[in-house]
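Below is the structure I would like to discuss, written out as structure tokens.
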Amino acid sequence: MILKQTEASAISELQTQEKNCIEKYSRYKEQEKDPVVKDLFGQIETLEKKHYYALEQVRSGQLQ
């Protein structure tokens with residue numbers, strides 16, 4: 001599937017937001033002392049990475 005410019009731009013913007021979330025939760029995870037909360041931040045970080053890569057697949061035409 002070929003994306004229109006506006007669609008590709010929207011996906012790029014979403015990827016930027018996902019990347020910011022990944023960095024934020026990674027930072028929170030590294031700073032957290034409580035192992036349960038640290039693990040939670042790690043799980044959220046992993047979910048954000050999945051979102052980022054799913055958007056990459058859509059953008060590259062691998063996922064529709």
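Counting just the residues of region 24-60 that are of a type in the set (S, T, N, Q) and within 14 Å of the chain's Cα centre (by Cα), which one comes out most open to solvent (accessible area, probe 1.4 Å)? Explain how you work it out, then say what you get.
Initially, region 24-60 is screened for residues of a type in the set (S, T, N, Q), giving 26, 31, 43, 46, 57, 60.
Next cut, within 14 Å of the chain's Cα centre (by Cα) only: 26, 43, 46, 57.
Working: 26: 36, 43: 98, 46: 70, 57: 76 Å².
In this case the residue turns out to be 43.
Sticking with this structure for a sec: Using the structure shown, decide if residue 3 is outside any helix (DSSP H, G or I) and in contact with a helix residue (DSSP H, G or I) (Cβ under 8 Å, 6 or more places away or on another chain).
Criteria met by residue 3.
Any chance you could count how many residues in region 11-21 are surrounded by 14 or more Cβ atoms within 10 Å (Cβ to Cβ) and over 14 Å from residue 54 (Cα atoms)?
So the answer is 1.
The values are calculated or read from the model by the stated rules, or taken from the named source; none is laboratory data. Bear in mind that the values here come from a model prediction, so they are computed numbers and not experimental data. Cβ: placed from backbone, ideal geometry, glycine included. Neighbour counts: every protein chain shown. Side chains are part of the model used for accessible areas, which takes the heavy atoms of the whole protein and leaves out ligands, DNA and RNA. Shrake-Rupley method; radii C 1.70, N 1.55, O 1.52, S 1.80 Å.
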